[in-house]
1. Compactness ratio of the stretch 58-97: Cα Rg over 2.2 N^0.38 Å, N = residue count?
2. Would you kindly state how much longer the chain becomes between Leu6 and His133 on full extension, computed as 0.36 nm times their sequence separation minus their alpha carbon distance, in nm to one decimal?
3. For the stretch 52-69, list residues with backbone N below 14 Å from a point placed 7 Å from the Cα of Ile24 toward its Cβ?
4. Run the numbers on the chain and let me know its relative contact order in percent, using alpha-carbon pairs under 8 Å that are six or more apart.
5. Around Gly33, which amide H atoms from residues at least 5 apart in sequence, or from another chain, sit under 5 Å from its own amide H, with H modelled in the peptide plane?
6. At a 10 angstrom cut-off on C-beta neighbours, averaged per residue, how do the peptides 50-57, 39-46, 3-10, 68-75 rank from highest to lowest?
7. How would you classify the stretch 6-45 from its alpha-carbon gyration tensor, with a ≥ b ≥ c the square roots of the eigenvalues: rounded for a/c under 1.5, else prolate if a/b is greater than b/c, otherwise oblate?
8. How much net charge surrounds Phe58 when only the other residues with a Cβ under 9 Å from the Cβ of Phe58 are counted, with Lys and Arg +1 and Asp and Glu -1?
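Each reported figure results from applying straightforward, stated rules to the coordinates on display, with no laboratory input. All figures in this text were calculated on a predicted structure; none of them were measured in a lab. Cβ atoms come from the backbone with ideal geometry, glycine included; neighbour counts cover every protein chain shown.
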Amino acid sequence: MNIKELYQEIIIDHGTNPRNNFKIKNYNYNKTGFNPLCGDTIDLYLFIENNNIKDISFQGQGCSISIASVSIMTEIIKNKTIKEALNIFNIFNHIIKNKKYNKSEIDNLYKLKALGNVKKFPTRIKCATLAWHTLKIIIKK
Ligand code: ZN
């Protein structure tokens, strides 16, 4: 399997079998993200305590890229601090925009790269970044 196939496999896996796809009971932050270009709608639920993202889940409907993106994001962000989450958001932003970033900083980087692969399809970038921008609105507060 080459890297392109691996990336495709990750997106298909998370798009068809999304992780953390339910509403957690004890959330204290919630935000809906909407991408009018594609119609993707994603509700994020977070339980944040002492600047730690202790739990995160989502519900929503959208194209396979938007669902894969939010699924991968919940997996990577869970149990991270707000600061770490913002850092990961920045790295993802750099990948999407084809800018340089510090490779050693996070695990599961290949999953972010798989998502970042959509930069080849500019109309899908909003699908891939929707969940992340919605997250950022919550954790910037
Ligand atoms: Zn979409």
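1. Working: Rg = 11.1 Å, N = 40, 2.2 N^0.38 = 8.9 Å.
With N residues counted in the stretch 58-97, Rg over 2.2 N^0.38 Å equals 1.24.
2. Working: separation 127, 0.36 × 127 = 45.72 nm, distance 2.54 nm.
Length gained, Leu6 through His133: 43.2 nm.
3. 52-59
4. Numbers: 234 pairs, mean separation 39.0, N = 141.
About 28 percent, as a whole number.
5. HN-HN under 5 Å from Gly33: Ile42, Asp43, Leu44.
6. Details: 50-57: 16.8, 39-46: 20.1, 3-10: 13.4, 68-75: 26.2.
Per-residue mean Cβ counts within 10 Å order the peptides as 68-75, 39-46, 50-57, 3-10.
7. Working: a/c = 3.37, a/b = 1.38, b/c = 2.45.
Because a/c hits 1.5 or more and a/b fails to exceed b/c, the stretch 6-45 counts as oblate.
8. Details: positive: Lys23; negative: Asp43.
With Lys, Arg at +1 and Asp, Glu at -1, the net is 0.
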